[in-house]
Amino acid sequence: MIRLATTADAAAIARIYDPIVAGTAISFETDPPGPIEMERRVRATLEMTPWLVEESEGSVQGYAYASKHRERAAYRWSVDVAVYVHGDRRRTGIGRSSTRRCSPCSGCRASTPRTPASRCDAG
């Protein structure tokens, strides 16, 4: 089930993301942020754009979020979408389905920045 993330998902999100930061260069981060920082990021992201999680059997298996592409006015319609999936669940379609759900929602959100993220149709 794909749903809108909450700050309560921060620890599960960190468990997915931290090994990627520690073991690869793809995140462009050098230190794993941990659950407290991920909670802050989820909260900040949801003010403007969606952050979705894929939950299966009561556990977060992956996530996708959108963020502003650039600050300049001409980029107000543009977003970047990032997707991360638990190591044991890669190549199962979670990333693809999360991206499909996050991308169209992001376009709507970018056009109406005052619309709360809770209005995003994650299902």
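With the Cα gyration tensor of region 25-67 in hand, give its eigenvalues times 5 under a square root as the equivalent ellipsoid semi-axes, listed largest first in whole angstrom.
Ellipsoid half-lengths, sorted descending, are 18, 15, 11 Å.
How large is the accessible surface per residue of region 1-94, computed with a 1.4 Å probe and reported in Å² as a whole number?
Ligands and nucleic acids excluded, the result is 59 Å² per residue.
What shape does region 1-55 have by the C-alpha gyration tensor, where a ≥ b ≥ c are the square roots of the eigenvalues, rounded means a/c under 1.5, and otherwise prolate means a/b greater than b/c and oblate the rest?
Cα axes put region 1-55 in the prolate bin.
First compute the accessible area of region 1-91 with a 1.4 Å probe, then give the percent of it belonging to carbon and sulfur atoms.
51
The values are calculated or read from the model by the stated rules, or taken from the named source; none is laboratory data. Keep in mind it's a predicted model, so treat the numbers as computed, not measured. SASA here: full protein model, heavy atoms, side chains in, ligands and nucleic acids out. Shrake-Rupley method; radii C 1.70, N 1.55, O 1.52, S 1.80 Å.
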